[in-house]
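To start, the structure under review is shown below, and the notes come after it.
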């Protein structure tokens, strides 16, 4: 699985959009980009994932560059409860649609949302 | 909807004792994963099951660790005998056994071995 690079920390003002970047320059064609977050003392929480196209759900938007070498997670209106460590993970899509395999968590980005 | 349920939430025990961690996956999910999180090593996969069958246990640190999944709604992770270096937060996650389906995590068991 390709490695990812994320800034160690970011600040965001409450109510503003939080844009979290992730570099995955060695990503291959069959690898998906996943985003999780971990709020202190809780389990990692799935946010969103995508392959090529931009994705949006009730939590966030995922913007993947055309060359797929980087992506940005967007929290449109950050709240204090969004303060967490955000993980960007790339994982290969199995050709036979079978086993899930490993999610390799790096150090992530610690997002601090401030009033 | 009920998420992944782990028990106990906290466990404190003395070195040498047997420890059993329990996990109930999300109903309908047929892949189950055990992870361990420490400050030094971060989150690392220990073992995962598909349809109750262990697929990859290469992350299990030693023979002292064992995991079972007797049915689709229950799994255990056992440490016998426990050692202080086993102190960590242990997470269970589950997903559909289908390509690219995300894993959903429980809130973990915080284990302290004295």
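The values are calculated or read from the model by the stated rules, or taken from the named source; none is laboratory data. Computed from a predicted structure; not experimentally measured. Positions of Cβ are generated from backbone atoms using ideal geometry, with glycine treated the same way; all protein chains shown enter the neighbour counts.
One residue is enough: does the range A:51-60 have a residue meeting the conditions facing chain B (nearest Cβ under 10 Å), outside any strand (DSSP E or B) and surrounded by 14 or more Cβ atoms within 10 Å (Cβ to Cβ)?
We begin by selecting, within the range A:51-60, every residue facing chain B (nearest Cβ under 10 Å); these are A:51.
Filter once more, so that each one left must be outside any strand (DSSP E or B): A:51.
Restricting the remaining residues to those that are surrounded by 14 or more Cβ atoms within 10 Å (Cβ to Cβ) gives A:51.
Checked the range A:51-60: at least one residue is facing chain B (nearest Cβ under 10 Å), outside any strand (DSSP E or B) and surrounded by 14 or more Cβ atoms within 10 Å (Cβ to Cβ).
Within the range B:6-48, track down each residue that is within 14 Å of chain A (Cβ to nearest Cβ), in contact (Cβ under 8 Å) with a residue 24 or more places away in the chain, more than 11 Å from the chain's Cα centre (by Cα) and assigned to a strand (DSSP E or B).
The answer is B:10, B:31, B:38, B:43.
Please go through the range A:61-74 and give me each residue that is assigned to a strand (DSSP E or B) and surrounded by 19 or more Cβ atoms within 10 Å (Cβ to Cβ), ordered by number.
Of all residues in the range A:61-74, those assigned to a strand (DSSP E or B) come to A:61-64, A:70-74.
Across the range A:61-74, the qualifying residues are A:62, A:64, A:71, A:73.
Of the numbered conditions (1) within 14 Å of chain B (Cβ to nearest Cβ); (2) surrounded by fewer than 13 Cβ atoms within 10 Å (Cβ to Cβ), residue A:77 satisfies every one except a single condition; which is it?
Of (1) within 14 Å of chain B (Cβ to nearest Cβ); (2) surrounded by fewer than 13 Cβ atoms within 10 Å (Cβ to Cβ), only one is false for residue A:77: (1).
Is it true that residue A:37 is crowded, with 16+ Cβ neighbours inside 10 Å, modelled with pLDDT under 90 and within 26 Å of residue B:30 (Cβ to Cβ)?
Values: crowded, with 16+ Cβ neighbours inside 10 Å: yes; modelled with pLDDT under 90: no; within 26 Å of residue B:30 (Cβ to Cβ): yes.
Considered against the rule, which asks whether it is crowded, with 16+ Cβ neighbours inside 10 Å, modelled with pLDDT under 90 and within 26 Å of residue B:30 (Cβ to Cβ), residue A:37 comes out as no.
Test residue A:75 against the stated conditions and say whether it is in contact with a helix residue (DSSP H, G or I) (Cβ under 8 Å, 6 or more places away or on another chain) and at pLDDT 95 or above.
Values: in contact with a helix residue (DSSP H, G or I) (Cβ under 8 Å, 6 or more places away or on another chain): yes; at pLDDT 95 or above: yes.
Considered against the rule, which asks whether it is in contact with a helix residue (DSSP H, G or I) (Cβ under 8 Å, 6 or more places away or on another chain) and at pLDDT 95 or above, residue A:75 comes out as yes.
Report, by residue number, each residue of the range B:60-95 that is in contact with a strand residue (DSSP E or B) (Cβ under 7 Å, 6 or more places away or on another chain), in contact (Cβ under 8 Å) with a residue 60 or more places away in the chain and assigned to a loop (DSSP other than H, G, I, E, B). Write out each step before concluding.
At the first step, the residues of the range B:60-95 found to be in contact with a strand residue (DSSP E or B) (Cβ under 7 Å, 6 or more places away or on another chain) are B:60, B:64-69, B:73-79, B:82-84, B:86-95.
Still in the list and also in contact (Cβ under 8 Å) with a residue 60 or more places away in the chain: B:78-79, B:82-84, B:86, B:90-95.
Result: B:82, B:83.
Please count how many residues of the range B:96-114 are part of a strand (DSSP E or B) and buried (at least 17 other Cβ atoms within 10 Å of the Cβ).
Initially, the range B:96-114 is screened for residues part of a strand (DSSP E or B), giving B:104-105, B:109-113.
Okay, now just the ones that are also buried (at least 17 other Cβ atoms within 10 Å of the Cβ), so B:104-105, B:109, B:111, B:113.
Selection size over the range B:96-114: 5.
Which of the residues spanning the range B:75-87 are within 14 Å of the chain's Cα centre (by Cα) and more than 16 Å from residue B:47 (Cα to Cα)? Spell out the reasoning first.
Residues of the range B:75-87 within 14 Å of the chain's Cα centre (by Cα): B:75-79, B:86-87.
If the condition is that a residue be within 14 Å of the chain's Cα centre (by Cα) and more than 16 Å from residue B:47 (Cα to Cα), then B:87 is the only one that fits.
For the range B:81-91, indicate whether the set of residues that are within 13 Å of chain A (Cβ to nearest Cβ), crowded, with 16+ Cβ neighbours inside 10 Å and either over 16 Å from residue B:18 (Cα atoms) or touching a helix residue (DSSP H, G or I) at 6+ places or on another chain (Cβ under 9 Å) (or both) is non-empty. Let's see the steps before the verdict.
Let us first name the residues in the range B:81-91 that are within 13 Å of chain A (Cβ to nearest Cβ), namely B:89-91.
With crowded, with 16+ Cβ neighbours inside 10 Å added as a condition, the list becomes B:89-91.
Applying the additional criterion that residues be either over 16 Å from residue B:18 (Cα atoms) or touching a helix residue (DSSP H, G or I) at 6+ places or on another chain (Cβ under 9 Å) (or both) yields B:89, B:91.
Scanning the range B:81-91 turns up at least one residue that is within 13 Å of chain A (Cβ to nearest Cβ), crowded, with 16+ Cβ neighbours inside 10 Å and either over 16 Å from residue B:18 (Cα atoms) or touching a helix residue (DSSP H, G or I) at 6+ places or on another chain (Cβ under 9 Å) (or both).
Test each condition in (1) over 12 Å from the mean Cα position of the chain (by Cα); (2) within 14 Å of chain B (Cβ to nearest Cβ) for residue A:38 and report the one that comes out false.
So the condition that residue A:38 fails would be (1).
Checking residue B:61 against (1) at pLDDT below 95; (2) loosely packed, with under 12 Cβ neighbours inside 10 Å, only one condition comes out false. Which one?
Result: residue B:61 passes all but (2).
Kindly provide the set of residues from the range A:13-27 that are in a strand (DSSP E or B) and surrounded by 19 or more Cβ atoms within 10 Å (Cβ to Cβ), ordered by number.
Filtering the range A:13-27 down to residues in a strand (DSSP E or B) leaves A:13, A:18-23.
Passing the criteria: A:18, A:20, A:22.
Using the structure shown, decide if residue A:111 is in a strand (DSSP E or B), buried (at least 17 other Cβ atoms within 10 Å of the Cβ), more than 14 Å from chain B (Cβ to nearest Cβ) and at pLDDT 90 or above.
Taking the combined requirement at face value, the residue satisfies it.
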